[in-house]
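Remarks on the structure that follows.
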Amino acid sequence: MMASSKYFIDLIGFAHIESCNSSTTFSLHGHNARLTLSVQSQNDELDWPYVQNIVSQAKLLAKSFDHVILIPKHLVSLQGTQATVLVNGKSYSFPKQDVLLLETQSARIEDIARAILSRLVGLLTSSLEKSCSLIISLEVSRRLGTTATQSLILP
Ligand SMILES: [Zn+2]
């Protein structure tokens, strides 16, 4: 028997340079999205203090994805206070502090789910030794649009 639980994490608003809504042109635009975290255990029971810790870390982490421009690191050159991005022949320049660099290839909604989840796991590694095996999934759901879910199995 598996135990599982779902938690609302946050609403975030972000900008990115992507082709969304079946448009083929890359442009700078923004979305609001709802973050939901699911935690599943292979055992009958969830370790509640541990799950609460995961949820509170996820809530803190979500704040860093709110009100920022999300850009894949490999597209950005940093010069002084500016982050410059070249996409499809267009050059954009933003103040560095308004940009959050992602390790992903692009900044589509599924990449954002993956980026948040991998940072979350990075934050949790110090407390993993006591954990049972968990599957954590993050759903990033755009209003009136796409939903992407990424999952990871914790050791
Ligand atoms: Zn978009």
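Read the figures in this text as sums done on the coordinates, not as results from a lab. All values derive from a computational prediction rather than experimental measurement. As a convention, Cβ positions derive from the backbone with ideal geometry for all residues, glycine included, and neighbour counts pool all protein chains shown.
Taking only the alpha-carbon atoms of the chain, what semi-axes of the equivalent ellipsoid follow from 5 times the gyration tensor eigenvalues under a square root, in whole Å, largest first?
They are 32, 17, 12 Å, listed from largest to smallest.
Per DSSP helix of 4 or more residues, -39500 (n - 2.57); summed, then divided by the residues of the chain. What does that give at 222 nm, rounded to the nearest 500?
Details: 2 runs with 32 residues, N = 155.
One gets -7000 deg cm²/dmol as the mean residue ellipticity at 222 nm.
Assign unit charges at the C-beta atoms only (+1 for Lys and Arg, -1 for Asp and Glu), then state the dipole size of the chain relative to its Cα centre in Debye, rounded to the nearest 20.
420
Pick from Ser77, Ser118, Ser137: which residue has the top mean-square fluctuation in a GNM of the chain where Cα pairs under 10 Å get a spring?
Comparing Ser77, Ser118, Ser137 in the GNM, the peak value goes to Ser77.
Can you list the residues, at least 5 places off or on another chain, whose amide H is less than 5 Å from the amide H of Asp10, using H built in the peptide plane?
Leu35
Compute the acute angle (0 to 90°) between the alpha-carbon long axis of helix 48-63 and the principal axis of greatest extent of the alpha-carbon atoms of the chain; round to the nearest 10°.
For 48-63 against the chain, the angle is about 10 degrees.
What is the sum of charges, Lys and Arg at +1 and Asp and Glu at -1, for the other residues whose Cβ falls under 12 Å from the Cβ of Leu152?
Summing Lys/Arg as +1 and Asp/Glu as -1 gives +2.
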